[in-house]
Each structure stands twice: as structure tokens, then as C-alpha cells.
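Quick notes on the structure that follows.
The values are calculated or read from the model by the stated rules, or taken from the named source; none is laboratory data. No experiment lies behind these values; they were computed from the predicted model shown. So basically every Cβ, Gly included, is an ideal-geometry build from the backbone, and we count neighbours across all protein chains shown. When the accessible area is computed, the model is the full protein with side chains, heavy atoms only, and any ligands, DNA or RNA have been set aside. Shrake-Rupley method; radii C 1.70, N 1.55, O 1.52, S 1.80 Å.
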Amino acid sequence: MFHAGAGAIAAETSATRTVVIEGTRYDPETLTVKRGETVVWINKDPFPHTVTATGVFDSHSIGPNRSWRYTARKTGQYAYVCTLHPNMKGSLKVE
Ligand SMILES: [Cu+2]
């Protein structure tokens with residue numbers, strides 16, 4: 001019988017977290033990270049997107065099969081959008 005405790009899960013936590021952009025949406029739409037972790041958005045759509053939290057971070061255009069990374073240095077909850085598709089919404093929570 002395999003027992004996966006909280007310690008095992010914590011040990012697998014990586015300092016880099018991934019959000020896939022595909023089908024004109026962010027997956028996951030909401031991501032919680034720890035301060036100091038890096039988030040990488042990967043665009044798998046055949047057209048560009050952005051990851052834009054006005055005044056906090058802005059990827060500018062991320063082309064197809066391109067990625068953009070952001071290291072979360074300040075705690076808070078940051079709502080972001082794609083400026084090219086305003087109904088694309090995501091949220092990054094930094095603890
Ligand atoms: Cu977009």
C-alpha cells in the first residue's frame with residue numbers, strides 16, 4: 001500500500017510552475033505560488049497571446065510555441081488578461 005503524505009507532495013514541489021495557454025484560455029486559470037517561484041506561460045495556440053497584469057507584469061506578445069517567464073517576488077493576488085483577447089482571464093496568487 002502506497003502512502004503519499006504531505007511531506008512527499010512538498011518534496012515534489014518545483015520552483016518553476018507552468019501555465020499552458022491553449023484554446024484561448026489559461027490552464028490553470030488560477031495558480032497559487034510561493035514568493036520566489038517562477039511561473040512559465042507556454043503558448044500552444046497558433047497565434048499570439050499576452051499575460052498582462054497592468055502595473056505589475058506584462059509579457060507583451062507571446063508567439064506560437066513561445067513562452068514567457070515571471071518570477072513572483074511580491075505577495076498578493078494578481079488578476080491578469082490577454083490584451084489581444086480580453087475575455088481571457090487568469091489569476092496568479094503569490095503567498
Ligand atoms: Cu490571447
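Structure above, values below:
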| quantity | calculated |
| --- | --- |
| Length released on extending from T38 to E95, taking residue separation times 0.36 nm less the Cα-Cα span | 19.2 nm |
| The chain - charge dipole about Cα centre, Lys and Arg +1 at Cβ, Asp and Glu -1, debye rounded to 20 | 240 |
| Per-pair calculated FRET efficiency, R0 = 30 Å: R66 and A15 via Cβ, rounded to 0.05 | 0.90 |
| Apportionment of accessible area to carbon and sulfur, the chain, percent (1.4 Å) | 52 |
| Accessible area (Å², per residue) of the chain, counting only protein heavy atoms and a probe of 1.4 Å | 63 |
| Ranked by how many other beta carbons lie within 10 Å on average, peptides 78-85, 35-42 from highest | 78-85, 35-42 |
| Radius of gyration and Dmax over the Cα atoms of the chain, both given in Å | 14.4, 50 |
| Cα-based shape type of region 51-95, given that a ≥ b ≥ c are square roots of the gyration tensor eigenvalues and the cut on a/c is 1.5 | oblate |
